[in-house]
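What follows is a short report on a single structure.
The values are calculated or read from the model by the stated rules, or taken from the named source; none is laboratory data. Source: prediction; values computed, not measured. Positions of Cβ are backbone-derived with ideal geometry, glycine not excepted, and every protein chain shown enters the neighbour counts. Side chains included, ligands, DNA and RNA excluded: accessible areas come from the protein's heavy atoms. Shrake-Rupley method; radii C 1.70, N 1.55, O 1.52, S 1.80 Å.
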Amino acid sequence: MSIEDVKIIELPKFADPRGNLSFVEQLNHIPFEIKRTYWIYDVPGGEARGGHAFRKNEEFIVALSGAFDVIVDDGKEKKRFALNRSYYGLYIPAGLWRTMENFSTNSLALEFGSIHYDRADYVEDYGQFLKLKNYGEI
Ligand code: TYD
């Protein structure tokens, strides 16, 4: 997988004077079956999260509130995605190094995953990630 496979997906938005509504459906806006949902919140200023890659887990990330950046790296190229609208989702296939940073105050990152939590699925060392990429093992 490469940077080219990472996609911003625009979600439905029902603009309404009473308040807007957006939604996601698995195997529709989210191109996989959702096995897990988690969220990151109360991030202190200047902190970064998620410096790792997944071997199998695919992800879909929404900035439900506030803003943050997701930096995706395929071992050759890096790209920064600024998430700052609650009707945009970022799809990240497996096998890419990704980091989250620049969290605004009170930001809320909602993440959907394609597999259950499994620490063995994490690649946490960047050097190992590059080796796995070179050998085509991730
Ligand atoms: P981790 O994915 O390492 O966070 P980050 O990559 O943003 O630093 O998760 C932090 C902790 O939360 C870790 O100790 C394991 C736990 N955790 C779960 O138990 N289940 C989950 O689905 C996730 C995402 C994390």
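Data overview
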{"read-out": "Scan of segment 33-70 for residues that are more than 10 Å from the ligand (Cβ to nearest atom), surrounded by fewer than 17 Cβ atoms within 10 Å (Cβ to Cβ) and in a strand (DSSP E or B), ordered by number", "value": "Leu64, Ser65, Asp69"}
{"read-out": "Asn84 over 25 Å from Leu21 (Cβ atoms), out of contact with any helix residue (DSSP H, G or I) (no Cβ under 8 Å at 6 or more places or on another chain) and polar (S, T, N, Q)", "value": "no"}
{"read-out": "Checklist (1) closer than 26 Å to Asn20 by Cβ; (2) under 13 Å from the mean Cα position of the chain (by Cα) applied to Glu101, failing item", "value": "(1)"}
{"read-out": "Residue check, Pro17 open to solvent by 30 Å² or more (accessible area, probe 1.4 Å), in contact with a strand residue (DSSP E or B) (Cβ under 7 Å, 6 or more places away or on another chain) and not basic (Lys, Arg)", "value": "no"}
{"read-out": "Filtered residues of segment 120-137 (kept if among the polar types (S, T, N, Q) and either open to solvent by less than 70 Å² (accessible area, probe 1.4 Å) or within 16 Å of the ligand (Cβ to nearest atom) (or both))", "value": "Gln128"}
{"read-out": "Residues of segment 20-32 that turn out to be surrounded by 13 or more Cβ atoms within 10 Å (Cβ to Cβ) and either under 30 Å from Phe129 (Cα atoms) or in contact with an Asp or Glu (Cβ under 6 Å, 6 or more places away or on another chain) (or both), as a count", "value": "5"}
{"read-out": "Selection count where residues are open to solvent by 90 Å² or more (accessible area, probe 1.4 Å) and at pLDDT 95 or above, scope segment 1-14", "value": "5"}
{"read-out": "Selected residue (criterion: farthest from the ligand (Cβ to nearest atom)) from residues of segment 75-119 that are outside any strand (DSSP E or B), of a type in the set (Phe, Trp, Tyr) and open to solvent by 40 Å² or more (accessible area, probe 1.4 Å)", "value": "Tyr87"}
